[in-house]
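These notes concern the structure reproduced below.
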Amino acid sequence: MNLLLHVCCGPCSLYVIDDIRETFKDCKITGMFANPNIHPYDEFQRRMENAQIALKNKDVPLVCVDDFDMEKWEKYEQDRKSRCKMCYTIRLERVADYAKENGFTHFTTTLLVSPYQDHEMIKEIGERFADKNDLIFVYRDFSKGFREGQKQAREMRLYRQKYCGCIKSLYEK
Ligand code: SF4
C-alpha cells in the first residue's frame with residue numbers, strides 16, 4: 001500500500017499519520033501540501049512551513065505545491081456549501097492526478113480529521129477521482145483523534161490557525 005496523504009495543514013496531519021500507521025501496518029505514506037485555498041499569502045506560507053515541521057517530526061516525506069490562488073475564492077459568489085465543494089474538488093483532483101502520475105495506489109486527506117468539514121462531500125469527491133484514476137480513496141472518520149492531534153500540535157509548538165483557510169472564511173469566523 002503506497003498512500004499519498006493530502007495535508008491541509010501541520011496540526012491536522014499528526015493524528016491522521018498515527019492512525020494510518022496503526023491501521024495499515026505496511027503502508028508507505030507520502031504527504032502532499034496542495035492548498036491554493038489558503039489566504040492571504042503569508043498565511044499560506046505559514047501553514048506550508050508548519051506542515052513541513054509536522055511531517056518532519058513524523059518522519060514522513062512531504063511534496064509541497066506552491067499554487068496560491070486567492071482570486072478564484074474571492075470572486076466565488078455562490079453559497080458556502082458550493083464554495084467548499086469547489087475547494088475540495090480542486091485539491092483532491094490535484095492530489096489524485098499526482099498520485100496517478102507517481103505510482104501511488106491509495107490517497108486520502110487530513111481534512112477528515114476535522115469535525116468542521118463536510119465528510120460526506122469529501123468522501124464522494126475523493127471516490128469520484130479515485131475511480132477516474134484507478135486509485136483507492138481511503139475514507140476514515142479521523143475526527144475521533146481531533147483533540148489528540150491538537151494536543152500534539154501544542155506540544156510541538158505548531159501554529160494553530162483560527163479559520164478554515166480561504167479569504168471568505170477569514171471574515172466568516
Ligand atoms: S471554508 Fe474552507 S473548505 Fe470552504 S472554501 Fe473556504 S477554505 Fe475551502
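The values are calculated or read from the model by the stated rules, or taken from the named source; none is laboratory data. Computed from a prediction, not measured in an experiment: that's the story for all the values here. Counting neighbours? That spans all protein chains shown, and the Cβs are built from the backbone with ideal geometry, glycine included. Side chains are part of the model used for accessible areas, which takes the heavy atoms of the whole protein and leaves out ligands, DNA and RNA. Shrake-Rupley method; radii C 1.70, N 1.55, O 1.52, S 1.80 Å.
Summary table
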quantity	calculated
Single residue of Ile29, Ile90, Ile53 found to be touching a residue at least 40 places away in the same chain (Cβ under 8 Å) and either in contact with a strand residue (DSSP E or B) (Cβ under 7 Å, 6 or more places away or on another chain) or over 22 Å from Lys151 (Cβ atoms) (or both)	Ile90
Residue selected from the range 54-83 under the condition under 15 Å from the mean Cα position of the chain (by Cα) and outside any strand (DSSP E or B), by the criterion farthest from the ligand (Cβ to nearest atom)	Pro61
Check on Gln150, open to solvent by 20 Å² or more (accessible area, probe 1.4 Å) and farther than 28 Å from Asp97 by Cα	yes
Qualifying positions in the range 1-19 - assigned to a loop (DSSP other than H, G, I, E, B), aliphatic (A, V, I, L, M) and open to solvent by less than 30 Å² (accessible area, probe 1.4 Å)	Val7
Matching residues in the range 143-173 - criterion: being within 14 Å of Arg80 (Cα to Cα), out of contact with any Cys (no Cβ under 7 Å at 6 or more places or on another chain) and of a type in the set (A, V, I, L, M, F, W, C)	Cys164, Ile167, Leu170
Output for the range 139-156, where each listed residue is away from the ligand (no atom under 16 Å from the Cβ) and either aliphatic (A, V, I, L, M) or without any contact (Cβ under 8 Å) to a residue 40 or more places away in the chain (or both)	Tyr139, Asp141, Lys144, Arg147, Lys151, Ala153, Arg154, Glu155, Met156
Tabulated pairs, the range 101-118, first more than 17 Å from Thr30 (Cα to Cα) and part of a loop (DSSP other than H, G, I, E, B), second within 14 Å of the ligand (Cβ to nearest atom) and not hydroxyl-bearing (Ser, Thr, Tyr), C-beta under 7 angstrom, 6+ apart or interchain	Ser114/Cys12; Gln117/Leu111; Asp118/Cys84
From Glu43, Glu101, Glu93, Glu22, residue being within 23 Å of Val138 (Cα to Cα), surrounded by 15 or more Cβ atoms within 10 Å (Cβ to Cβ) and charged (D, E, K, R)	Glu93
Filter result for Ile29 (in a helix (DSSP H, G or I) and hydrophobic (A, V, I, L, M, F, W, C))	no
In the range 119-134, the residues that are within 18 Å of Asn102 (Cβ to Cβ), open to solvent by less than 20 Å² (accessible area, probe 1.4 Å) and either assigned to a loop (DSSP other than H, G, I, E, B) or not aromatic (Phe, Trp, Tyr) (or both)	Gly126, Ala130, Asn133
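Let's see how each residue does on (1) more than 14 Å from the ligand (Cβ to nearest atom); (2) in contact with a helix residue (DSSP H, G or I) (Cβ under 8 Å, 6 or more places away or on another chain); (3) farther than 24 Å from Glu49 by Cβ; (4) of a type in the set (A, V, I, L, M, F, W, C):
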residue	(1), (2), (3), (4)
Lys85	no, yes, yes, no
Tyr88	no, yes, no, no
Pro115	no, yes, yes, no
Asp131	yes, no, yes, no
Phe137	yes, yes, yes, yes
Leu158	yes, yes, no, yes
Gln161	no, yes, no, no
